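Taking it in order: structure first as structure tokens, then the write-up.
Readers should treat all values here as calculations from the given coordinates under stated rules, not as data from a laboratory. Predicted model only: the values in this text are computed from it and were never measured. Cβ: placed from backbone, ideal geometry, glycine included. Neighbour counts: every protein chain shown.
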Amino acid sequence: MGKNRIEVPLIEFLKNKIYLGAYDSTPIDTRDYVYFTVEDALPYNSFHLDFGPLNIGNLYRFAVVLHAIFNEDSNQGKAVVLYSSTCPKQRSNAACLLCCYLILLQDWSPHQVLQPISQCIPPFSGFRDAGYSNSDYEITIQDIVYAMWRAKQRDLIDIKENFNLEEYEQYERVDQGDFNIISKDFIAFASPQQKKPGIINEPFKKVLRYFQDANVQLVVRLNSHLYDSKEFTKRGIKHIDMIFDDGTCPTLDYVAKFIGAAECIIQKGGRIAVHCKAGLGRTGCLIGAHLIYTHGFTANECIAYMRMIRPGMVVGPQQHWLYLHQNDFRDWRFTMCLDNRPCELIGGLNALCNYDEFKSRMKEARRKVLQQQQQQQIQKANSSFGADSSISYTPSRRRKISGALASKIQVAVPIESPGQPRKYVDEESNEEIMINNSDDENTMQDIIHSSPRANTSTSTPKKEYASEWKVLRSISNNNQQPMQLTKTTTTTTTRTISTTLSSSPSHEQQQQQQQQQQTSPTSNLIIHKSRSNKPRIGSNSSPRVHSGGIRKLSGKKY
């Protein structure tokens, strides 16, 4: 029987420009097509049964090769075909390289690069983890494409301008430190090892030297002690232990503390270096949680991105753990905040805490502080009062009105009224006294009866008062003088003044006024006054004055 050959159709990405193919034999260039492959030049270094994706360094080298082919004079006007063997794994690596190249260097959108390879027959193989158990979780080309697109949008990758291939390939080697820069904030590395205290091997020296130059301010150890942490602390790098078992997943409380510690360092402009035994599984869990928390990756995108930078990250059940809690980490961006209390587990840095709990705790703390301040003010006031009892203090609230005054206000004024300006003539000095007080009908009667001018006839007033009004004013009763109460038939403080304001009253008017004084129970409250012959203002109707007083229409004298 002959060997079965798989026919894979040529996939067009850009017409007459770039294609993807798969052949079991080496194709020969034609007048229209030029073929090339990187399957042997850019191999994937597997840990166990994993086969890809190829890392960011291989992607950079692939771009260099592709550009060189396009720029050759002999290839002008020809379409370029990237091909691999018909093995599903190799086809997946080739397709992933080409798609990531178009995303990162040609600025294609995800749907543009995914449309040509969608529903291909035979299908592309998914990528598995680097663990030794059977794989039950896969990363697809679509996950990797969206991971690269999101990383570009979030400025995590800039392969055009800000990628150092030489540095990347140097430090990923075990003898050079075995670390990779995952993002501008995080470095993932394998645990340094010391056989004897004080003796530092060459890989450890390179790690220490690079961390000092790269402004690493915090190292987080997740595995058992294989070196002395003082090697970092004496170089000004903070070191904390957050150890949990190999191959397991951290608790959410651990993750909240880690993200909080990382945020404290990032806010200061520093970097965080994280390691476990190999710098893959446990390290990938915590760094991946922070990437989801900060940049909104999905779990698959996060795993794909980290494996493009550092192959093998996140192993076995840790993939499922990251998938199950991805929404929690994403929601923490809006429901959690940095606590203001230092946490001993993370070296006195601040962990994440629930925002509502933090808000209520801050409210309670402010209430206690305010209460303490009030108590201190009271104690200070009491001590000052004891030292000098002559000092008077303004009461904290209005004083109550005494019972006598309250009853008097209810009798004299039906409603609460502000003080009104009043004026009367002093019998001794024969001068007008101006006061400011509320109306009191009984008090006015007492004042009028006590004054000899109240019972005088309504003859022509003196010249100095010919052009002025006499206005009845009321004052409050003096507590030292007896108060005379006069019963009246009226229940309001409104009085009607019947005097004519334009000229002096005639004889007949005087007789009518005397009759009114005899018949009216309040006649003793009316004082008549004549005015000069100057032009009057207003109508001839007598004004109706409230609150027991006659008010001037203007401040001018007529």
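Computed values, structure above
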| read-out | value |
| --- | --- |
| Sorted by Cβ density within 10 Å, fewest first, the residues Val207, Val216 | Val216, Val207 |
| Sorted by Cβ density within 10 Å, fewest first, the residues Glu167, Glu263 | Glu167, Glu263 |
| Diffusion coefficient, µm² s⁻¹, Stokes-Einstein with Kirkwood Rh over alpha-carbon pairs of the stretch 43-113 at 37 °C and 0.692 mPa s | 244 |
| Cα gyration tensor shape for the stretch 157-201, rounded if a/c is under 1.5, else prolate or oblate | prolate |
| Additional length obtainable on full extension of the chain from Asp32 to Gln76, 0.36 nm per residue less Cα span | 14.9 nm |
| Computed E for Thr251/Lys160 - FRET, C-beta separation, R0 30 angstrom, nearest 0.05 | 0.15 |
| Distance violations [Cα-Cα > 32 Å] among Lys184/Lys277; Lys152/Lys268; Lys89/Lys205; Lys234/Lys363; Lys196/Lys268 | Lys89/Lys205; Lys234/Lys363; Lys196/Lys268 |
| Among 271-281, 146-156, 26-36, 42-52, the order from most to least packed when residues are scored by Cβ within 10 Å on average | 271-281, 146-156, 42-52, 26-36 |
| Cα centroid separation, the stretch 334-367 to the stretch 11-36 (Å) | 59 |
| Label-to-label distance, nm, for residues given as Thr233 and Leu370 (7 Å Cα→Cβ offset) | 4.3 |
| Global form of the stretch 121-207, assessed from the alpha-carbon gyration tensor, a/c cut-off 1.5 | oblate |
| Proximal charge balance of Phe163 [Cβ under 13 Å; K/R count +1, D/E count -1] | -2 |
| Segment Tyr355-Ser224, length gained on full extension (0.36 nm per residue, minus Cα span) | 43.8 nm |
| Computed FRET value (nearest 0.05) for Ala68 with Ser25, which takes r as the C-beta separation and R₀ as 25 Å | 0.55 |
| Pairwise FRET efficiency - Ile243 versus Asn201, Cβ, R0 = 25 Å, nearest 0.05 | 0.65 |
| Cut-off 9 Å between beta-carbons: net charge of the residues surrounding Leu208, Lys and Arg +1, Asp and Glu -1 | +3 |
| Residues whose placed amide H lies under 5 Å from that of Ala351, excluding near-sequence neighbours | Asp339, Cys343 |
| Mean Cβ neighbour count within 10 Å, used as a protection proxy, ranking 98-104, 284-290, 371-377 highest first | 284-290, 98-104, 371-377 |
| Local electrostatic count at Arg341 - Lys and Arg +1, Asp and Glu -1, tallied over other residues with Cβ under 13 Å | -1 |
| nm² value of the averaged projected area, convex hull over the Cα atoms of the stretch 1-121 | 8.9 |
